[in-house]
1. Go through region 111-122 and count every residue that is out of contact with any Leu (no Cβ under 8 Å at 6 or more places or on another chain) and not in a helix (DSSP H, G or I).
2. Go through region 125-177 and give me each residue that's acidic (Asp, Glu) and out of contact with any strand residue (DSSP E or B) (no Cβ under 8 Å at 6 or more places or on another chain).
3. Mind checking which residues of region 106-134 are within 14 Å of Leu70 (Cα to Cα) and in contact with a Pro (Cβ under 7 Å, 6 or more places away or on another chain)?
4. Just the residues that are part of a strand (DSSP E or B) and either touching a His at 6+ places or on another chain (Cβ under 7 Å) or surrounded by fewer than 17 Cβ atoms within 10 Å (Cβ to Cβ) (or both), please, taken from region 1-54.
5. Can you work out which of the residues in region 55-71 that are surrounded by fewer than 18 Cβ atoms within 10 Å (Cβ to Cβ) and hydrophobic (A, V, I, L, M, F, W, C) is modelled with the lowest pLDDT?
6. Which is crowded, with 19+ Cβ neighbours inside 10 Å, charged (D, E, K, R) and farther than 25 Å from Arg2 by Cα, of Lys121, Lys167?
7. From the residues in region 78-96 that are part of a strand (DSSP E or B) and β-branched (Val, Ile, Thr), which one is surrounded by the fewest Cβ atoms within 10 Å (Cβ to Cβ)?
8. Identify, from the list Ser99, Ser74, the residue that is free of Cβ contacts under 8 Å to residues at least 40 places away in the same chain, surrounded by 10 or more Cβ atoms within 10 Å (Cβ to Cβ) and of a type in the set (Gly, Ala, Ser).
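The values are calculated or read from the model by the stated rules, or taken from the named source; none is laboratory data. Keep in mind it's a predicted model, so treat the numbers as computed, not measured. In this analysis, Cβ positions are derived from the backbone assuming ideal geometry, glycine residues included, and neighbour counts consider all displayed protein chains.
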Amino acid sequence: MRFGVRMYGMGGQGIITLAKLVGEATVEDGKFVLMTEEYSPYITGGWSKANLVISDNTVDYPIPEQIDYLVTLSQEGLDVNVSDLIPNTKILTERSLVSVPDEWKKQTTEISAIQISKELKNPKGANVVMMGAFSGLTKIFSEESGRRAIAKRFPKYVDANIACFEKGFEEGMKFGR
């Protein structure tokens, strides 16, 4: 197994933290991960992007050969990456911020991560909701590994972030492929 994952968002959405959490949870499951990150030249409010290569074997090149999964929390994330997608790329978006063209709807899962995180009284947890949705959707890493990665990264806010992760996981499971 080898997957290329691209995560894209705007400043303040926690996209790099999301990518690191996904990578850490995947390593918890004994897989190999390489991650690269890029940022807009703007000091605040610009885009950020992370690429992950996830494999059962050692990864020797940090850029995905293809984008199997695109996770985007912004419209720009879909718009600028659509030319890099392959016909069976799975797309995971924030429902309130991304409008998906008809030709990509069939392979897109839309999650209301912002709304869910607000309902759970953790408005900064939308990226963790997306982490859960990604796990539930793809099964690339286990639910338990996701919880462990969150506990390590957010020791002071474990319960609030685990709640976001679990709700996202439930949402992702509804669409799991």
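1. 4
2. Selection gives Glu143, Glu144, Asp159, Glu166, Glu170.
3. Hits for region 106-134: nothing passes.
4. Result: Arg2, Phe32, Thr36, Glu37, Glu38, Tyr39.
5. Looking at the filtered set, the residue picked out is Ile63.
6. Only one candidate qualifies: Lys167.
7. So the residue we want is Ile86.
8. When all the criteria are applied, what remains is Ser99.
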